[in-house]
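Presented below is the structure to which this report refers.
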Amino acid sequence: WQKSELKKGYDLMPNFFWIWQKEQLNEPFFHKNKNHKIIEGGKLLLNKSEEITINEYNHLGNKEKFFIKSFKKFDKIILFCVTDIIPTSLLKAIKLSQKKNNWIWLIRLHPRHGNFNLVKKKLDEFKISMKNVHIHEPTKMNLLLLLKKSTHIIIDQSSVCLDAAYFNKPAICLAANK
């Protein structure tokens, strides 16, 4: 559909496009199709991220606030947003990091695809201590709050990499071998 030379736009395409930033207007699609209206609005949740994170933090229970405050004692706060399975290389990295005990791993399961028992089984297979690895809390907490508090982000197949970029957090995007 992008190679079509229709002058009045595409019948199957919407009349309005919501874009995150002006740089997206450089895409060839927008040069060829002047009949579509553009709304530059950013990513809605990110536009209100400061308000959301403050509000979310204020509504946390004491246990969750204590959990967040405990991050201060760690040099690295690594948020891993997992969709499917934790790669072996990452399991080895978690295991190695436990020798220094100054990193905390926040494993956040995907809301629709996450399988706590499978992730826990993998951690157990590698004899990874749960002392500085957390799954339940990060999975239940607001993603924007976790992004703001994390120092590094690891993602497998997720748009969370865009959120990480917004917060200026270094991110590693993993891809499955197929």
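The values are calculated or read from the model by the stated rules, or taken from the named source; none is laboratory data. What you are looking at is a predicted structure, and each value in this text was computed from that prediction instead of being measured. Neighbour counts are summed over all protein chains in view; Cβ atoms, including those assigned to glycine, are modelled from backbone coordinates with ideal geometry. Protein only, heavy atoms only, side chains kept; ligands, DNA and RNA dropped before computing areas. Shrake-Rupley method; radii C 1.70, N 1.55, O 1.52, S 1.80 Å.
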Taking 0.36 nm per residue of sequence separation and subtracting the Cα-Cα distance, how much length would be gained by fully extending the chain between residue 18 and residue 152, in nm to one decimal? 45.4 nm
Considering all alpha-carbon pairs of the stretch 115-178, what whole percent are spaced by more than 15 angstrom? 61 percent
Accessible area of the stretch 18-151 divided out per residue, in Å², using a probe of 1.4 angstrom: 62 Å²
Can you give me the distance in nm between label points at residue 99 and residue 112, each placed 7 Å from the Cα along the Cα-to-Cβ direction? 4.1 nm
Heavy-atom accessible area order for 113, 134, largest first, 1.4 Å probe: 113, 134
Largest-first principal axis extents of the Cα set of the stretch 28-178 (Å): 59, 43, 27
Enumerate the whole-percent occupancy of each 10 Å bin, from 0 to the last occupied one, for all C-alpha pair distances of the stretch 68-146. 18, 56, 26, 1
Equivalent ellipsoid, the stretch 86-131 (semi-axes from 5 times Cα gyration tensor eigenvalues, Å): 19, 12, 9
Explain nothing, just the number: relative contact order of the stretch 65-178, from Cα pairs under 8 Å at least 6 residues apart, as a whole percent. 30 percent
List 23, 64, ordered by accessible area with a 1.4 Å probe, largest first: 23, 64
As a test question: what accessible area, to the nearest 10 Å², does residue 105 have when a 1.4 Å probe is rolled over all protein chains in place? 10 Å²
Computed label-point distance, nm, for sites residue 63 and residue 130 using a 7 Å Cα→Cβ extension: 1.3 nm
